[in-house]
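Participant: I have a structure I would like to understand better, so I am pasting it below and will then ask my questions one at a time.
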Amino acid sequence: MPALDESNPYAVFAAWMKEAEQSEPNDPNAVALATATPDGRPSVRMVLLKGIVDEPGPDGGFVFYTNMDSRKGNELKANSRAALCFHWKSLRRQVRVEGSVTIVSDAEADAYFNSRSRDSRIGAWASDQSRPLSGRMELERRVAQYAARFALGPVPRPPHWTGGRVIAESVEFWRDRPFRLHDRVVYEWDGVSWRTRRLFP
Ligand SMILES: Cc1cc2nc3c(=O)[nH]c(=O)nc-3n(C[C@H](O)[C@H](O)[C@H](O)COP(=O)(O)O)c2cc1C
C-alpha cells in the first residue's frame, strides 16, 4: 500500500472516508452543506458527496449533485461561497471544508445522472425541489406524467439538475483525543501549495 501523502488534504480525506465507509452504519458520504444569501443569511442541509477531485487549487474539490433551482442552488447562483461539514460518529472525527462552488461540466453531470436508476432520473424531473407541494398526490402525479413522457426512451438530465464542486480553500481535520484535547489540523491553499497549521482544540 502506498504511504499516505499527508501534505495533500484530498489524500488524507480519502483515507478517512475509506475508514468511515467501513465503520458508519449508513451514508458515510453524507455531509452538511452550508450556503448563504449575498446578505449573509446562512442555510444548511445534508447532501451526499459523490466524488473528490484530487487536483491542486481551482481544479480540485468535493462534488455533490442537486437541483440548481432549489434554495441551495439559488443561494449558490447569487453567492458561490459554501462550507461542508462531515461528521463520522463511529470514528469521532470531523472534516470541515470551505471554498467556492463551481458547476461541474455537462459531460460529468450527464455521466453521473446516467449512472442513476431510471426511477431516480424520473424523480429528478418530477421534483420541483424546495418549492411548495400541495400533497403527496401532486408529486405522484408528476412522477406519472414524466414516466409517460419518457415512456421507454432515455431519460435525459434536466437542465437544472447538476453537480457543484466545492473548490477547497481550507480543509480542517478534527479527531477525538482523550481529555477533550482534540487534534485539529487545517490545510490552507495559498495559491501555490497547501500550508498546514494546528489549532487549539
Ligand atoms: C442523508 C441525506 C442526503 C441527502 N442528499 C441530497 C443530495 O445529494 N442532493 C440533494 O439535492 N438533496 C439531498 N438531500 C436533501 C437535502 O437535505 C434537502 O432537503 C434538499 O436538497 C433541499 O434543500 P434546499 O431547499 O436547501 O435546497 C439529502 C438529505 C439527507 C438527509
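The values are calculated or read from the model by the stated rules, or taken from the named source; none is laboratory data. Values in this document were obtained by computation on a predicted structure and should not be read as measured data. With ideal geometry, Cβ positions are generated from the backbone for all residues, glycine too; neighbour counts draw on all protein chains shown. Surface areas here come from the heavy atoms of the whole protein model, side chains and all, with no ligands, DNA or RNA. Shrake-Rupley method; radii C 1.70, N 1.55, O 1.52, S 1.80 Å.
Participant: So what is the relative contact order for the chain, in percent, with contacts set as C-alpha pairs under 8 Å and at least six apart?
Facilitator: That works out to 22 percent.
Participant: Quick one: among Glu75, Glu172, Glu108, which has the greatest mean-square fluctuation in a GNM of the chain with alpha-carbon springs under 10 angstrom?
Facilitator: Result for the chain, Cα springs under 10 Å: Glu108 fluctuates most.
Participant: So if I place +1 on the C-beta of Lys and Arg and -1 on the C-beta of Asp and Glu, and nothing else carries charge, what would the dipole magnitude of segment 1-97 be about its Cα centre? I want it in debye, nearest 20.
Facilitator: Dipole about the Cα centre, nearest 20: 500 debye.
Participant: While we're looking at this one, here's another question. Kirkwood Rh, segment 1-74, all Cα pairs: how many Å?
Facilitator: Averaging 1/r across every pair of different Cα atoms and inverting gives 14.3 Å.
Participant: Can you give the accessible area per residue of the chain, in Å², using a 1.4 Å probe?
Facilitator: Per residue, the chain has 58 Å² of solvent-accessible surface.
Participant: Dipole size in debye (nearest 20) for the chain around its Cα centre, Lys and Arg Cβ +1, Asp and Glu Cβ -1?
Facilitator: Charge dipole of the chain: 720 debye, to the nearest 20.
Participant: How big is the charge dipole of segment 59-131 about its Cα centre, in debye rounded to the nearest 20, if each Lys and Arg gets +1 on its Cβ and each Asp and Glu gets -1 on its Cβ?
Facilitator: Dipole about the Cα centre, nearest 20: 500 debye.
Participant: Report ³J(HN,Hα) in whole Hz for each residue of segment 141-146, in order, from the Karplus equation J = 6.51 cos²θ - 1.76 cosθ + 1.60 where θ = phi - 60°; Gly and Pro get x.
Facilitator: Once θ is set to phi - 60°, the couplings for segment 141-146 become 5, 5, 4, 5, 4, 6 Hz.
Participant: Of Gly135, Gly163, Gly61, which is the most mobile in a GNM of the chain whose springs link Cα atoms less than 10 angstrom apart?
Facilitator: Comparing Gly135, Gly163, Gly61 in the GNM, the peak value goes to Gly135.
Participant: Put a dot 7 Å past each Cα toward the Cβ at Gln22 and Asp183; how far apart are the dots in nm?
Facilitator: 1.6 nm
Participant: Report Rg (one decimal) and Dmax (nearest whole number) for the chain, counting Cα atoms only, units Å.
Facilitator: 18.8, 60
Participant: Would you grab the residues whose amide H sits under 5 Å from the one on Ala30? Only those 5+ places off in sequence or on another chain, please, with H modelled 1.01 Å from N.
Facilitator: Leu49
Participant: Here's something else I'd like to know. In whole angstrom, how long is each semi-axis of the equivalent ellipsoid of segment 117-201, when you take the square root of 5 times every eigenvalue of its Cα gyration tensor and sort them from largest down?
Facilitator: Semi-axes from the Cα gyration tensor: 46, 18, 11 Å.
Participant: Here is a further query. Using a 1.4 angstrom probe on heavy atoms only, work out the carbon and sulfur share of the accessible area of segment 1-134 in %.
Facilitator: About 50 percent, which is the carbon plus sulfur part of the accessible surface.
Participant: Starting from the eigenvalues of the Cα gyration tensor, five times each then square-rooted, give me the equivalent ellipsoid semi-axes of segment 105-153, largest first, whole Å.
Facilitator: One finds semi-axes of 22, 14, 7 Å for segment 105-153.
Participant: Answer with one residue from Gly73, Leu4, Ala15: the one whose Cα lies farthest towards the positive end of the charge dipole of the chain, charges on Cβ with Lys, Arg +1 and Asp, Glu -1.
Facilitator: Gly73
Participant: Kindly rank 145-151, 2-8, 54-60 from highest to lowest mean number of other beta carbons found within 10 Å of each residue.
Facilitator: 54-60, 145-151, 2-8
Participant: Additional query: Where does the charge balance sit around Lys50 when Lys and Arg score +1, Asp and Glu -1, over other residues with C-beta under 13 Å from its C-beta?
Facilitator: Neighbourhood net charge equals 0.
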